[in-house]
Amino acid sequence: MALSSHTHSFSVLSVSKTAENGNGRSRGRMVVKMAASTSEMAAAFEEGQLERPKWSGKTPLSRLVGALIAFKPLSSVLKLGARQVLIRTAEKGDIPWREMTKEILESDVYKELESIQNPSLVYPDYYLNPFHAYDEGNLSWLAAAEAEPATMSMVRRAIPNASTVDEANQVVRGNWLQAIEQHHLQYSRTTIIRDILDIGCSVGVSTRFLADKFPSSNVTGLDLSPYFLSVAQYKEKKKGPRKNPIKWMHANAEDTGFAPQSFDLVSISYVFHECPERAIINILKEAFKLLRPGGTIVVSDQSPKSKILQEMSPVLFTLLKSTEPFLDEYHLTDLEGRMKGVGFINVQTGLTDPRHRTLTATVPC
């Protein structure tokens with residue numbers, strides 16, 4: 001898809017609500033904060049005073065939480081508690097978690113598995129860890145069925161003043177997509193994005209946003225979980241045909257099997273916090289290989305500098321860490337430095353919502 005030249009300067013959006021006051025102004029008006037460029041992203045949202053939260057990395061607090069989590073009887077309780085908090089938070093935000101999960105589990109989604117699964121794929125050791133309070137990690141139907149409501153809940157938590165998930169997505173996904181567009185226009189030798197790879201696509205939420213934003217592009221969603229991909233394919237079929245149908249690929253992001261220089265854009269959303277640093281480096285190397293000269297990589301994930309994450313309550317960050325085995329390693333990784341070390345240039349980063357950062361970079365021409 002050819003990108004429009006007028007989008008060189010984009011707006012970073014944030015939502016806040018104004019209550020009714022003595023002048024009779026109505027409650028619920030959306031206030032939009034604007035930032036003129038990627039370098040001003042962080043100015044639209046508040047950073048904390050630290051490089052990373054005190055509960056992450058190798059701090060005494062982090063070690064204490066790690067010791068608590070390592071005690072198996074307590075760990076089981078924490079994981080159960082984390083799951084219940086997620087569900088309650090979602091449903092308080094008008095996200096019908098249980099209803100959406102039941103709809104998937106009682107559907108014909110299971111029929112998609114045979115056409116999706118690569119039976120010869122060997123899973124990396126880190127992927128076999130429990131994630132998100134699922135003992136099987138991402139390799140289960142329940143995890144796949146709950147992935148979309150969990151994603152919706154994440155978006156609502158990121159923009160707590162939004163009245164709906166759609167409004168929250170206007171900020172979270174809108175800023176992410178505009179960061180991609182601006183970076184590619186500014187640094188690529190071409191304005192055309194023909195081929196897009198969405199690494200760690202889960203059940204296809206981010207993949208569908210990319211396909212909607214760039215309808216003329218060929219979009220591929222890649223994930224290690226055949227269960228997630230089955231849900232992605234099932235939901236995409238229910239939406240009806242696209243001009244360019246999304247392709248789904250069951251593969252390891254560290255070694256995808258795609259030919260070098262196959263893509264103009266590689267997207268990696270909310271993946272790296274679930275990876276050890278060695279996997280992050282390998283995925284970045286693979287992305288660099290897969291991108292054409294002038295191609296763009298975009299990475300979105302938790303921001304260690306987020307004020308909200310740095311000030312998270314002890315109960316919440318303990319529950320969070322109990323379900324994310326590589327969270328400390330992620331927060332200690334110099335992601336910008338690793339991207340530059342792989343060979344990417346024009347590395348830029350900024351908060352695109354109060355909790356998450358978006359990094360963009362280019363393959364040299």
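Rule-based calculations on the coordinates, nothing more; no lab input. Please read these numbers as outputs of a predicted model, since none were measured by experiment. Ideal geometry is used to build each Cβ from the backbone, glycine not excepted, and the neighbour counts take in all protein chains shown.
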Quick calc: nm separation of the 7 Å Cα→Cβ label points for L68 and K243 -> 5.3 nm
Magnitude of the charge dipole, the chain, Cβ model with Lys/Arg +1 and Asp/Glu -1, debye to 20:
680 debye
At R0 = 22 Å the Cβ-Cβ FRET efficiency linking E167 and S216, nearest 0.05, sits at 0.20
Expected max-MSF residue from S217, S225, S75 in the GNM of the chain (alpha carbon, under 10 Å) is S75
So, in Å, what gap is there between the alpha-carbon centers of the range 335-365 and the range 263-327?
11 Å
Value of Rg to Rh for the range 222-306 (Rh from inverse mean 1/r over Cα pairs, i.e. Kirkwood):
0.99
Using a simple spin-label model with points 7 Å from Cα along the Cα→Cβ vector, what separation in nm is obtained for L128 and E277?
2.5 nm
Sequence ranges 349-358, 87-96, ranked by mean other-Cβ count within 10 angstrom, highest first
349-358, 87-96
Volume per residue that the Cα convex hull of the range 280-365 spans, once the total is divided by residue count, Å³
88 Å³
In whole Hz, the Karplus estimates of ³J(HN,Hα) for the range 97-102 (6.51, -1.76, 1.60; θ = phi - 60°; x where Gly or Pro) are 3, 5, 5, 5, 5, 4
Mean-square fluctuation maximum in Gaussian network of the chain, Cα pairs under 10 Å, restricted to L105, L229, L309, hits L105
Starting from the range 243-333, pick out the GluC sites (Glu not before Pro) whose DSSP state is loop and whose Cβ has at most 14 other Cβ atoms within 10 Å.
E311
What is the gain in length, in nm to one decimal, between S75 and D94 on full extension, counting 0.36 nm per residue of separation less the C-alpha to C-alpha distance?
3.9 nm
Evaluate the distance, in nm, between pseudo-label points positioned 7 Å from the Cα of Q49 and of S140 along their respective Cα→Cβ axes.
4.1 nm
